[in-house]
Amino acid sequence: MRARTAFLADAGTGKRLWARHSGARRQIGSITKVMTALIVLQAGHLDRKIRIKSAHVAYAASRNGSTARLRVGDRLTTRELLYAMMLPSGCDAAAALADTYGPGQGRFVRKMNRTARRLGMSRTHYVDMSGLSTAGYSSARDQTVLGRYVMRSATFRQIVSRDRYVAHGNRGHGRYVWLSTNELLGAYPGILGIKSGHTSAAGYSFLFAARRYGRTLIGAVLNSSQTRPGARFADAARVLNWGFR
């Protein structure tokens, strides 16, 4: 186990099964987008059409963030943008959703923090909807609490279980094809999702859930490596194997 901090719980009961410095505050990178998705899902209207603005695209590009390669002027549904945010980790999609469902990014982030407090995530503070900022933080335990809560949503479970999603583009330029960054999909028996994360400050991290033998486990590994993307998935598989033993 290479992760600096980690937590594993029984998703049914919430009981802690294993932990390593699970309350330590760490940056979590794009795992932040799990809370972004929850705020949007709670608001609903998933068939609502959202126009992609130049500011949404510029938000990701100016910060060297991961992108769903959204095109300015396209109109995509909220549901499609959730796939764009959760699979390829599109910061442009996160910006569009926050802009719409805040409304405005400032109001949206305040909703994120209110929800974190309501869920008892006492070691968490969000400053943006994407995780690109170095000022936000959380803990392995808090993210496991969030994951356990949001995985109650059938829509969310469906989104994060997909390794690929195709959406029709607008203005005659073809379609979008988004691939998941979750390398355990299709590789680890029983994996359900949910979200990987990375920035140079946060390292490579992963919030995950899997089901075997009628039992669901959920956990997080934060900063498995600064240089090896696969380390987080190896850590998750290792701790899941231990939990399912």
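A few points about this structure:
- Matching residues in the stretch 2-18 - criterion: being of a type outside the set (Lys, Arg) and either surrounded by fewer than 15 Cβ atoms within 10 Å (Cβ to Cβ) or under 15 Å from residue 244 (Cα atoms) (or both): 7, 8, 9, 10, 11, 12, 13, 14, 17, 18
- Breaking point among (1) over 18 Å from the mean Cα position of the chain (by Cα); (2) surrounded by fewer than 16 Cβ atoms within 10 Å (Cβ to Cβ), for residue 76: (2)
- Residue, farthest from the chain's Cα centre (by Cα), within the stretch 223-245, restricted to residues that are basic (Lys, Arg) and more than 13 Å from residue 207 (Cα to Cα): 245
- In the stretch 145-157, residue surrounded by the most Cβ atoms within 10 Å (Cβ to Cβ) [restricted to those that are in contact (Cβ under 8 Å) with a residue 24 or more places away in the chain and not hydroxyl-bearing (Ser, Thr, Tyr)]: 147
- Only one of the listed residues (59, 83) is aromatic (Phe, Trp, Tyr), within 14 Å of residue 130 (Cβ to Cβ) and either buried (at least 21 other Cβ atoms within 10 Å of the Cβ) or touching a strand residue (DSSP E or B) at 6+ places or on another chain (Cβ under 9 Å) (or both). That residue is 59.
- Selection from the stretch 19-56 of residues that are hydroxyl-bearing (Ser, Thr, Tyr) and surrounded by 15 or more Cβ atoms within 10 Å (Cβ to Cβ): 22, 30, 32, 36
- Residue count for the stretch 113-144, restricted to those that are buried (at least 22 other Cβ atoms within 10 Å of the Cβ) and not in a loop (DSSP other than H, G, I, E, B): 6
- So residue 106, is it more than 14 Å from the chain's Cα centre (by Cα) and loosely packed, with under 15 Cβ neighbours inside 10 Å: yes
- When restricted to residues that are over 18 Å from residue 216 (Cβ atoms), of a type outside the set (A, V, I, L, M) and touching a Leu at 6+ places or on another chain (Cβ under 8 Å), the stretch 1-26 contains 3.
To keep it simple, each residue is scored yes or no on (1) hydrophobic (A, V, I, L, M, F, W, C); (2) part of a loop (DSSP other than H, G, I, E, B).
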{"position": "156", "(1), (2)": "yes, no"}
{"position": "165", "(1), (2)": "no, no"}
{"position": "178", "(1), (2)": "yes, no"}
{"position": "186", "(1), (2)": "no, yes"}
{"position": "197", "(1), (2)": "no, no"}
{"position": "205", "(1), (2)": "no, no"}
{"position": "209", "(1), (2)": "yes, no"}
{"position": "236", "(1), (2)": "yes, no"}
{"position": "240", "(1), (2)": "yes, no"}
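- Some residue of the stretch 87-101 being out of contact with any helix residue (DSSP H, G or I) (no Cβ under 8 Å at 6 or more places or on another chain) and free of Cβ contacts under 8 Å to residues at least 40 places away in the same chain: no
- Exactly one residue out of 160, 221 is touching a residue at least 60 places away in the same chain (Cβ under 8 Å), under 20 Å from residue 33 (Cα atoms) and touching a Phe, Trp or Tyr at 6+ places or on another chain (Cβ under 7 Å), and it is 221.
- Pairing residues of the stretch 113-133 that are farther than 20 Å from residue 152 by Cα and touching a residue at least 60 places away in the same chain (Cβ under 8 Å) with residues that are of a type in the set (D, E, K, R) and buried (at least 18 other Cβ atoms within 10 Å of the Cβ), at Cβ distances under 7 Å and at least 6 apart in sequence or on separate chains, gives 123/142; 130/33; 131/33.
- Between 224, 180, 205, 200, the distinction of being crowded, with 23+ Cβ neighbours inside 10 Å, out of contact with any strand residue (DSSP E or B) (no Cβ under 6 Å at 6 or more places or on another chain) and either over 20 Å from residue 157 (Cβ atoms) or modelled with pLDDT of 95 or more (or both) belongs to 180 only.
- Residue list for the stretch 58-85, filter: in contact with a Lys or Arg (Cβ under 8 Å, 6 or more places away or on another chain) and β-branched (Val, Ile, Thr): 72, 77, 78
The values are calculated or read from the model by the stated rules, or taken from the named source; none is laboratory data. Quick caveat: nothing in here was measured; it's all calculated off a predicted structure. With ideal geometry, Cβ positions are generated from the backbone for all residues, glycine too; neighbour counts draw on all protein chains shown.
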